[in-house]
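The structure appears below as structure tokens.
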Amino acid sequence: MSGASLEERVRQIAAGAAVDRNLEIVHVEVARNGRSLIVRIFIDKPGGVTHGDCA
């Protein structure tokens, strides 16, 4: 699976959770760190994001 398609799949999965919590997915990154993958999902919402939104 290519990096771009993996990012899109992560975005699709995260979008379901984001809609339920009134969040917007701003950006998704998938990066390699040796043999591991690092996934970063950047979110936003009106009024700002709290720690609770990230849990």
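Please treat every number below as a calculation from the coordinates, not as lab data. Small disclaimer: the values here were computed from a predicted structure and weren't measured. Because the Cβ atoms are built from the backbone with ideal geometry, glycine has one as well, and the counts that use them run over all protein chains shown.
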The simple spin-label model distance between residue 36 and residue 53, using points 7 Å out along Cα→Cβ, in nm, is 2.7
Which ³J(HN,Hα) values in Hz, rounded to whole numbers, follow from the phi angles of the stretch 28-34 under the Karplus curve 6.51 cos²θ - 1.76 cosθ + 1.60, where θ = phi - 60° and Gly and Pro get x?
10, 10, 10, 10, 8, 9, x
What 222 nm value per residue comes from the helices of the chain, counting each DSSP H run with n ≥ 4 as -39,500 (n - 2.57) and dividing by all residues, nearest 500 deg cm²/dmol?
-12000 deg cm²/dmol
How tilted is helix 3-20 with respect to the longest principal axis of the chain? Cα atoms for both, answer in degrees (0 to 90, nearest 10).
20
Could you tell me what % of all Cα pairs in the chain have separations over 15 Å?
49
Can you give the net charge of the other residues whose Cβ lies under 15 Å from the Cβ of residue 13, counting K and R as +1 and D and E as -1?
0
